[in-house]
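Participant: Dropping the structure in here first, questions after.
The values are calculated or read from the model by the stated rules, or taken from the named source; none is laboratory data. None of the values given here were measured: they were computed from a predicted structure. Cβ coordinates were reconstructed from backbone atoms using ideal geometry, including for glycine residues, and neighbour counts include every protein chain displayed. Just so you know, the surface numbers come from the protein's heavy atoms only, side chains and all, with ligands and any DNA or RNA stripped out. Shrake-Rupley method; radii C 1.70, N 1.55, O 1.52, S 1.80 Å.
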Amino acid sequence: DESSAAWRFFCEACVSVFIIILIILLLFGAGSLPKIGQRLGEKSRKPVRQAKWVMAWATGTEEEAIEAEREYGRECASEFVAQFPGEVSDRDRELVDSIGTRLAAAVKDRRRRFSFKAVPGPIANAYALPGGFVFITAPLLELCGRDPDEIAFFLGHEVGHVVCRHARDQLAASAILNAVGSRLASVGALLRDALGKGYSRSLELDADREAVRFVRAAGFDPRAARRALGRLSQSAADNPGLAAYFSTHPAIGERSRALDG
């Protein structure tokens, strides 16, 4: 179950750290530990914080889990931003800030904090990292014509992922699927792929429905959801940069029908 998967993940992380320390001692001696330890410490912060997050949701309070998720997400966000060198315009930064502020205020769980950032990039996409770190690329802003209501839908979709704890669920599901797949030999990879795609599709549709609720609560036009999806559909054939977006989301028609439901 989920708790067992979390505990297994934590134990594996501890064993990995112990093995690394042992190898350093054998190869370089104890005198090398301080300098190497500093470098390893910088690289190990992310997996350590991830392990703490996993244990917090398995054994801690909801408040502890949210705070641990935020700390882990901060490490992820630092790595993520480094993949997008350059700057966006002040106009885009202020636009995303203002829309994000309104959406965050519409989240009822005040324990949740959000950070919204526009980043340059070659493809149109938006991303949610654990802990409420939300990013949207300049090409997606351009695709929306910088319409605040449409941008609010895409940002609200990412907020929905965070509020619904999809990152946690995906991590737990991945651990479980890997454990199941390892016992099924050659069919394991096929099973993980099939179940993973179905699981991801469900989460994306959930995030769409949450986005519409956040958009409405924040004072944006909820009809923008269909306009935004329609814009994606119309641009798909002429915009190869959207391939990455469509590879991680259900078909536009399926998303529209889900909103009708």
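Participant: Pairs under 7 Å by beta carbon, first residue in a helix (DSSP H, G or I) in the range 89-104, partner open to solvent by 70 Å² or more (accessible area, probe 1.4 Å) and not small (Gly, Ala, Ser), six or more apart or different chains?
Facilitator: 96/117
Participant: Then there's this: Yes or no: residue 83 polar (S, T, N, Q) and out of contact with any helix residue (DSSP H, G or I) (no Cβ under 9 Å at 6 or more places or on another chain)?
Facilitator: On the way: polar (S, T, N, Q): yes; out of contact with any helix residue (DSSP H, G or I) (no Cβ under 9 Å at 6 or more places or on another chain): yes.
The answer is yes for residue 83.
Participant: Being β-branched (Val, Ile, Thr), over 21 Å from residue 90 (Cα atoms) and touching a Phe, Trp or Tyr at 6+ places or on another chain (Cβ under 7 Å) is true for just one of 159, 134, 163. Which residue is that?
Facilitator: From the options 159, 134, 163, the qualifying one is 159.
Participant: Given the structure, is residue 72 at pLDDT 90 or above and either touching a Pro at 6+ places or on another chain (Cβ under 6 Å) or open to solvent by 70 Å² or more (accessible area, probe 1.4 Å) (or both)?
Facilitator: Working: at pLDDT 90 or above: yes; either touching a Pro at 6+ places or on another chain (Cβ under 6 Å) or open to solvent by 70 Å² or more (accessible area, probe 1.4 Å) (or both): yes.
Considered against the rule, which asks whether it is at pLDDT 90 or above and either touching a Pro at 6+ places or on another chain (Cβ under 6 Å) or open to solvent by 70 Å² or more (accessible area, probe 1.4 Å) (or both), residue 72 comes out as yes.
Participant: Can you pull out the residues in the range 68-105 that are in contact with a Phe, Trp or Tyr (Cβ under 9 Å, 6 or more places away or on another chain) and among the acidic types (Asp, Glu)?
Facilitator: 69, 71, 97
Participant: When you go through 51, 106, 124 one by one, which is the residue that is at pLDDT below 90 and farther than 24 Å from residue 231 by Cα? I'd like the intermediate steps shown before the answer.
Facilitator: Working: 106 fails: at pLDDT below 90; 124 fails: farther than 24 Å from residue 231 by Cα.
When all the criteria are applied, what remains is 51.
Participant: Which ones in the range 69-88 are under 28 Å from residue 224 (Cβ atoms) and touching a Leu at 6+ places or on another chain (Cβ under 9 Å)?
Facilitator: The answer is 73, 77, 80, 88.
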